[in-house]
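Just below is one structure, and these are the notes that go with it.
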Amino acid sequence: MAKKTIRDVEVEGKTVLVRVDFNVPMEDGRITDDNRIRQALPTIRTLIEKKARIVLFSHLGRVKEEKDKEGKSLKPVSEALAEHLGREVKFVPETRGETLESAIASLESSEVLMVENTRFEDVNGKKESKNDGELGKYWASLGDVFVNDAFGTAHREHASNVGIASNTDEVAAGFLLEKEIKFLGNAVENPDRPFIAIMGGVKVSDKIGVLENLLEKADMILIGGGMSYTFMKAQGLEVGNSVVEEDKIDLAKSLLEKAEGKLFLPTDFRTATEFSNDAESRVADYDDLREGEEGLDIGPKTVERYRELLQNANTIVWNGPVGVFEFSNFAKGTKALLETLSGLDASTILGGGDSASAAINFGYEDAIDHISTGGGASLEYLEGKSLPGIECVDEK
Ligand code: ADP
Ligand code: MG
């Protein structure tokens, strides 16, 4: 079923409440990665063109007590947004009350207003995060139409997404949410085959749900990263000091059995004598890892083999770096696979916060068809779960 989007709603002169995900990383009041702001621009720009009166909601970080509000105001984010849009963004340092209400009432068509961090409502009883009925109703009363464009929060049932939606007659998806559904949703529900998944990252335990779901949906799963070693150990191989989840070895065994040859493991590794970029390092075959060394990246033979397997794919979903990409000496595998993906015709999709930052930092942002803005949300989507933030949007 197709979701209603902002193409399908009449917004001219109406007050449109938009939930965006501006939960951006900040250091000393400075935004260190504005990807999420940039990804929300198509929706905001379209609403400006369509002459809506635009009210933006977002959370920023976690707020439990009054003192947590320090440094969590959305004011700097509203200023960054104003710069991207090349127009004024009115910022209201409140999440409710007369100041907010009169600022919204005096908005002209095509004007943009940003409400303070929705999580400030968590200080007195987690009203935002527990989807307090009164709060969702109040926020909904401030507008005519609700647009959800916050994929990063779509796995949560909060007042600022599900709460507003359930008190608003017309609920549409923004372009970012639509794009996430199109790429991630298609991959898990109706992929253009062959569909190959690449799974990395540190822990099997973080990704069990995704592995199990993709074992049913994908034609192949290529394993890399720290999770490889739990699978190696499950086969009785020596893994030295590599990261292993002892309590997931049985699970790894049963996944290998269930996989019926669909699951591919690295055939060699780049090892290190300690967890450091400058550690002594060598390339070791999968059955030649020694005591005292740990695998920090996939090796060149694995890169070559995965590269060949990927040539035939029509859909590729990648979650989790295949090595410790933060260390330049152990980023080679991740870079080589990014390079491979950039040269393929397949639909290429990246999920996971670290995978996304690897792709962006190594300069592959434009070479990948879709880099998901959701960490937890993209994982739950790939697990096949239904997400409340998507469910609450009207069908066409
Ligand atoms: P994502 O955020 O994309 O879902 P994860 O959070 O699951 O990815 O995993 C990313 C982390 O995995 C990175 O910090 C990376 O250093 C780490 N990692 C990858 N390979 C290894 C390895 N062989 N040993 C230890 N850590 C690893
Ligand atoms: Mg991560």
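The values are calculated or read from the model by the stated rules, or taken from the named source; none is laboratory data. The structure presented is a predicted model; accordingly, all values stated were derived computationally and were not measured. So basically every Cβ, Gly included, is an ideal-geometry build from the backbone, and we count neighbours across all protein chains shown. Surface areas here come from the heavy atoms of the whole protein model, side chains and all, with no ligands, DNA or RNA. Shrake-Rupley method; radii C 1.70, N 1.55, O 1.52, S 1.80 Å.
Near GLU170, the amide H atoms lying under 5 Å from its own belong to PHE146; only residues 5 or more places off or on other chains count, and H is placed 1.01 Å from N.
In the context of the full set of protein chains, the chain has a per residue accessible area of 43 Å² (1.4 Å probe). Taken over the C-alpha atoms, the chain has Rg and Dmax values of 22.8, 70 angstrom. Quick one: of LYS127/LYS179; LYS4/LYS90; LYS217/LYS258; LYS14/LYS90; LYS72/LYS179, which pairs are farther than 19 Å apart, Cα to Cα? Too far apart for the 19 Å limit: LYS127/LYS179; LYS4/LYS90; LYS72/LYS179.
Projecting the Cα positions of LEU338, VAL63, LEU142 onto the charge dipole of the chain (unit charges on Cβ atoms of Lys, Arg, Asp and Glu, taken about the Cα centre) puts LEU142 furthest along the positive direction. Here the dipole of the stretch 160-298 is about 360 debye; that uses its Cα centre as origin and unit charges on the Cβ of Lys and Arg (positive) and Asp and Glu (negative). Full extension of the chain segment joining ILE360 with SER328 gains 10.0 nm, where the gain is 0.36 nm per residue of separation less the Cα-Cα distance.
If you average over every viewing direction, what projected area does the convex hull of the Cα atoms of the stretch 191-382 give, in nm²? Dividing the Cα hull surface by four gives the mean projection, 9.5 nm². Measuring max minus min along each principal axis, the C-alpha atoms of the stretch 3-124 give extents of 41, 32, 30 Å (largest first).
When the Cα positions of ILE37, VAL89, ALA105 are compared along the charge dipole of the stretch 6-178, ILE37 comes out farthest toward the positive end, with charges on each C-beta of Lys, Arg, Asp and Glu. Annotation for the stretch 34-98: GluC sites (Glu not before Pro) lying in DSSP loop with at most 16 further Cβ atoms inside 10 Å of their Cβ are GLU65, GLU70, GLU88, GLU94. Loop only by DSSP, 13 or fewer other Cβ within 10 Å of the Cβ. Give me the chymotrypsin sites (Phe, Trp or Tyr not before Pro) in the stretch 242-294 that pass, ordered by residue number. Hits after loop and neighbour filter: PHE275.
If you count the DSSP beta bridges with both ends in the chain, what percent of them are antiparallel, to the nearest 5? The answer is about 25 percent antiparallel.
Using alpha carbon centroids, what distance separates the stretch 308-383 and the stretch 248-262, in Å? The stretch 308-383 and the stretch 248-262 have Cα centres spaced 24 Å from each other. Of all the accessible heavy-atom surface of the stretch 191-382, with the other protein chains kept in place and a 1.4 Å probe, what percent is carbon and sulfur? C and S atoms contribute 43 percent here.
The accessible surface of the stretch 6-178, taken with every protein chain in place and a 1.4 Å probe, is 42 percent carbon and sulfur. Using C-alpha pairs below 8 Å separated by at least 6 residues, the relative contact order for the chain is 17 percent. What residues of the stretch 308-327 lie in the reach of a label at ASN186, counting those whose backbone N is under 16 Å from a point 7 Å from the Cα along Cα→Cβ? Hits in the stretch 308-327 for ASN186 at 16 Å: 313-318.
Reducing the stretch 132-168 and the stretch 99-116 to their Cα centroids gives an inter-centroid distance of 17 Å. A simple spin-label model places pseudo-atoms 7 Å from Cα toward Cβ; at LEU237 and GLU216 they are separated by 2.9 nm.
Remark: the THR267-LYS75 segment gains 64.1 nm on full extension, using 0.36 nm per residue and subtracting the alpha carbon distance.
Loop-located GluC sites (Glu not before Pro) across the stretch 236-321 with a Cβ neighbour count of 10 or fewer within 10 Å are GLU260, GLU280, GLU291, with loop assigned by DSSP. One chain, two ends: ASP369 and GLU83. Fully extended at 0.36 nm per residue, the span grows by 100.4 nm beyond their Cα-Cα distance. Rounded to 0.05, the FRET efficiency of the ILE48 and ASP345 pair, given R0 = 41 Å and the Cβ-Cβ distance, is 0.70. Placing unit charges on the Cβ atoms only, positive for Lys and Arg and negative for Asp and Glu, gives the stretch 67-110 a dipole magnitude near 160 debye about its Cα centre. Note on the chain: dipole from Cβ charges, positive end direction compared against VAL9, VAL322, PHE175; the farthest Cα belongs to VAL9.
Work out the length of the dipole vector of the chain about its Cα centre, built from +1 on the beta-carbon of each Lys and Arg and -1 on the beta-carbon of each Asp and Glu, and round it to the nearest 20 debye.
660 debye
Take the Cβ atoms of VAL202 and GLU260, set R0 to 25 Å, and the FRET efficiency comes out at 0.45.
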